[in-house]
Structure formats: C-alpha cells, structure tokens
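This report concerns only the one structure given below.
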Amino acid sequence: MATDSFFSLTGADIATDQDFYACVDNANRLESLIYRPNMLGPRKAGQRTKINGKTFSKVSFTRTEIFDIEFRNCTFVNCLFIATTFDRCEFHQCTFTDVNTHKISIRATYIDPRSFKRALDPSKYQNIGVHLYQTLLNNSHDEEQPEFKADARFEFLRWKRLQEQYEVRQAWKESRALELGKRARVWRRWVWQVFFGSGIKLRHFLATSVGCVVFVTTLNYLCSAEFGIVKNDMPMGGLTDAFYFSTVTLATVGYGDFVPTTQLGRIVIALEGLGGLFLFALLASMLFRKISP
C-alpha cells in the first residue's frame with residue numbers, strides 16, 4: 001500500500017507559492033506536481049486570489065494550509081489532500097475525483113459536498129469518507145449553509161453505514177462473533193437511507209411512497225375476495241376501484257364506501273392505514289426541516 005498513488009505521488013517539486021502561480025498562469029492543466037511549502041495563500045495579502053477553469057491531475061497538497069483562494073470550474077483528479085486545510089476558501093462548480101482527503105480540515109469555506117461525489121471508492125475508504133463528510137457537515141453548520149448541510153448530513157450517514165457494513169463483512173470473513181444488535185442496526189440504517197433518504201432526501205421518500213401505493217393497490221386488487229372488500233354488498237370491481245380504495249386508506253381519509261368484511265381484511269387494511277399515517281408524519285417532518293431556518 002505504501003506505493004499506492006492514492007497515498008503518495010511522484011512528480012516535480014513546487015518550492016514556493018510563486019512557482020505554483022507561475023504554473024497556474026502558464027497552463028490550464030497542472031499534472032504530476034508536489035507542493036512542498038506548508039502554506040498556500042493569495043498572491044497579495046488580504047486579497048483573495050481567483051483560480052478559474054484549471055485541471056489539477058496528480059497534484060499533491062499534502063499537509064498544506066490553503067487559504068483565501070477562490071476556485072471556479074476547477075477539476076481535481078488523483079490529487080492528495082492528506083492533512084490539508086482549507087481555510088476561508090471558496091469552491092464553485094468544482095469536482096474532486098479519486099482524491100485522498102485523509103484527515104482533511106475544512107473551515108470557513110464555501111464548498112458543495114456534492115463536489116466530492118466521485119472522490120472516494122466506497123468499497124475501500126469508508127473511514128476516510130466518514131471523516132470527510134463529518135468535516136463538511138461541521139463546516140456547513142458553522143457557516144450557516146443550509147443548502148449544503150442536508151447533503152453533508154445524508155452523505156455522512158451513508159458513509160457511516162458503509163463503514164459498519166465493512167466491519168460486519170470483516171467479522172464474517174474472520175469468523176468472529178458480532179453482536180446481533182449491530183447487524184440489525186446496519187440493516188435498519190440501510191432501509192432508512194435507501195427507502196426514506198434518512199429523513200433528508202425527499203426524492204427517496206417520494207419514490208418509496210409511489211412504490212407503496214402500487215404495492216398496496218396490487219395487494220388489495222388481488223386479495224379483494226380474501227379481504228372481503230365490498231361496496232354496498234357488491235364486490236370490488238377493477239384496478240380503478242382498488243387504486244381508489246388503497247389511496248384513501250393510505251391517506252387515512254377512509255370515506256367508508258368500500259369496507260373490508262373479513263377479519264383478515266380488517267387487520268391488513270388497518271396496517272395499511274398505519275403505514276399511511278407513518279408516511280404522512282415523515283413527510284411533515286421532512287418538509288419542516290426544509291423550510292425551518
């Protein structure tokens with residue numbers, strides 16, 4: 001692992017920040033460079049430097065404090081940010097791909113967590129991902145960036161789950177005993193994140209809600225006889241009736257024109273109503289989080 005480019009790079013040394021800016025001025029693509037100083041600041045003290053439209057490939061900023069620099073439309077590929085600090089920086093429309101952010105620090109910085117969507121391999125670097133998104137979450141909270149806070153929190157919870165899944169797999173491979181509670185927790189978190197977006201991502205909730213309507217409609221249609229669903233003593237008709245009945249049940253409206261007459265039907269329909277109540281409560285909570293300051 002010591003020779004892995006994810007942890008170490010080879011290339012030309014950059015001895016000063018003036019050398020760095022000379023490279024930036026002379027090329028749109030900076031490749032195979034190692035920045036040696038422990039600080040990278042603006043060209044002029046007290047005046048933020050803007051770097052626009054540059055690609056950094058296999059560039060190492062390890063153990064460097066980068067401050068008062070604004071990056072726009074920049075791409076970072078196979079770069080090292082090991083123990084790097086971003087302080088009072090801005091990143092606009094930037095992307096990070098296959099970069100190492102081990103022990104990175106981010107403070108007083110404008111940066112979209114979605115910029116790191118392809119930064120790390122989720123099958124290998126779960127602990128680095130947890131630290132990265134914890135740092136991004138703290139930064140978005142401290143800087144009052146609600147537009148970034150939700151994404152950072154969702155990704156932090158996702159990488160935390162990935163780390164726990166890795167621990168479960170390792171315990172399985174090594175034939176080590178792992179408490180049942182931890183396995184159950186990993187499973188619950190997977191369900192909560194994938195189907196309900198951890199109570200953060202509305203699109204996950206909407207997809208799950210549509211799936212629930214389809215499932216319940218199909219169930220009520222196929223089992224209408226077993227559930228004894230009738231209207232004025234007449235059995236349920238086609239899919240339209242099943243969709244209508246299922247929707248008003250999940251919405252907890254319950255008009256009462258269609259009713260289950262068997263014991264099994266009443267139990268199942270009652271559970272469907274409770275499920276609909278849960279979905280509406282979750283939706284209200286998610287909307288409140290989005291509109292609240």
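For residue 258, indicate whether it is among the aromatic types (Phe, Trp, Tyr) and out of contact with any Lys or Arg (no Cβ under 6 Å at 6 or more places or on another chain).
Details: among the aromatic types (Phe, Trp, Tyr): yes; out of contact with any Lys or Arg (no Cβ under 6 Å at 6 or more places or on another chain): no.
Criteria not met by residue 258.
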(request) Kindly establish whether residue 16 is of a type in the set (S, T, N, Q) and over 30 Å from residue 121 (Cβ atoms). (result) yes
(request) Sort out which residues of the range 242-270 are within 26 Å of residue 283 (Cα to Cα) and of a type in the set (D, E, K, R), and write them in order of number. (result) 266
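Name the helices (runs of 4 or more DSSP H) wholly inside the range 187-293 in which the number of residues that are without any contact (Cβ under 8 Å) to a residue 60 or more places away in the chain and crowded, with 16+ Cβ neighbours inside 10 Å is 3 or more.
Numbers: elements: 202-222, 224-227, 239-250, 263-291.
The helices (runs of 4 or more DSSP H) meeting that bar are 202-222, 239-250, 263-291.
Quick one: how many residues across the range 72-116 are open to solvent by 10 Å² or more (accessible area, probe 1.4 Å), farther than 13 Å from residue 131 by Cα and in contact with a Lys or Arg (Cβ under 6 Å, 6 or more places away or on another chain)?
Restricting attention to the range 72-116, the residues satisfying the condition of being open to solvent by 10 Å² or more (accessible area, probe 1.4 Å) are 72-73, 75, 77-78, 82-83, 85, 87-88, 90, 92-93, 95, 97-98, 102-103, 105-108, 110, 112, 114-115.
Now restrict to residues that are farther than 13 Å from residue 131 by Cα: 72-73, 75, 77-78, 85, 87-88, 90, 92-93, 95, 97-98, 107-108, 110, 112, 114-115.
Those left that are additionally in contact with a Lys or Arg (Cβ under 6 Å, 6 or more places away or on another chain): 78, 87, 92, 97, 108.
The qualifying residues number 5.
It is to be established whether one or more residues within the range 137-146 are at positive phi, modelled with pLDDT of 85 or more and out of contact with any Gly (no Cβ under 8 Å at 6 or more places or on another chain). I'd like the intermediate steps shown before the answer.
So the first thing to find is which residues in the range 137-146 are at positive phi, and the list is 144.
Cutting the leftovers down to modelled with pLDDT of 85 or more gives us 144.
Restricting the remaining residues to those that are out of contact with any Gly (no Cβ under 8 Å at 6 or more places or on another chain) gives 144.
Yes - at least one qualifying residue is present in the range 137-146.
Please indicate, with yes or no, whether at least one residue in the range 20-27 is of a type in the set (D, E, K, R) and in contact (Cβ under 8 Å) with a residue 12 or more places away in the chain. Before the answer, list the steps.
Quick first cut of the range 20-27, residues of a type in the set (D, E, K, R) only: 25.
Now drop any that are not in contact (Cβ under 8 Å) with a residue 12 or more places away in the chain, which leaves none.
For the range 20-27, residues of a type in the set (D, E, K, R) and in contact (Cβ under 8 Å) with a residue 12 or more places away in the chain: absent.
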(request) Would you check which residues across the range 135-150 are without any contact (Cβ under 8 Å) to a residue 40 or more places away in the chain and either in contact with a strand residue (DSSP E or B) (Cβ under 6 Å, 6 or more places away or on another chain) or open to solvent by less than 70 Å² (accessible area, probe 1.4 Å) (or both) and list them? (result) 135, 136, 137, 139, 140, 145, 148
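With 9, 30 as the choices, which residue is touching a Cys at 6+ places or on another chain (Cβ under 9 Å) and in a loop (DSSP other than H, G, I, E, B)? If you could, list the steps in order and put the result at the bottom.
Numbers: 30 fails: in a loop (DSSP other than H, G, I, E, B).
Sole residue among the options that is touching a Cys at 6+ places or on another chain (Cβ under 9 Å) and in a loop (DSSP other than H, G, I, E, B): 9.
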(request) Kindly provide the set of residues from the range 56-65 that are surrounded by 21 or more Cβ atoms within 10 Å (Cβ to Cβ) and touching a Gly at 6+ places or on another chain (Cβ under 9 Å), ordered by number. (result) 59, 60
(message) I'm told residue 107 meets every condition in (1) in contact with a Phe, Trp or Tyr (Cβ under 9 Å, 6 or more places away or on another chain); (2) on the phi > 0 side of the Ramachandran plot except one. Can you identify the failing condition by its number?
(response) (2)
(message) Among the residues that make up the range 4-20, is at least one of them surrounded by fewer than 15 Cβ atoms within 10 Å (Cβ to Cβ), at pLDDT below 95 and under 24 Å from residue 113 (Cβ atoms)?
(response) yes
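The values are calculated or read from the model by the stated rules, or taken from the named source; none is laboratory data. Predicted model only: the values in this text are computed from it and were never measured. Neighbour counts run over all protein chains shown; Cβ positions are idealised from the backbone, glycine included. Side chains are part of the model used for accessible areas, which takes the heavy atoms of the whole protein and leaves out ligands, DNA and RNA. Shrake-Rupley method; radii C 1.70, N 1.55, O 1.52, S 1.80 Å.
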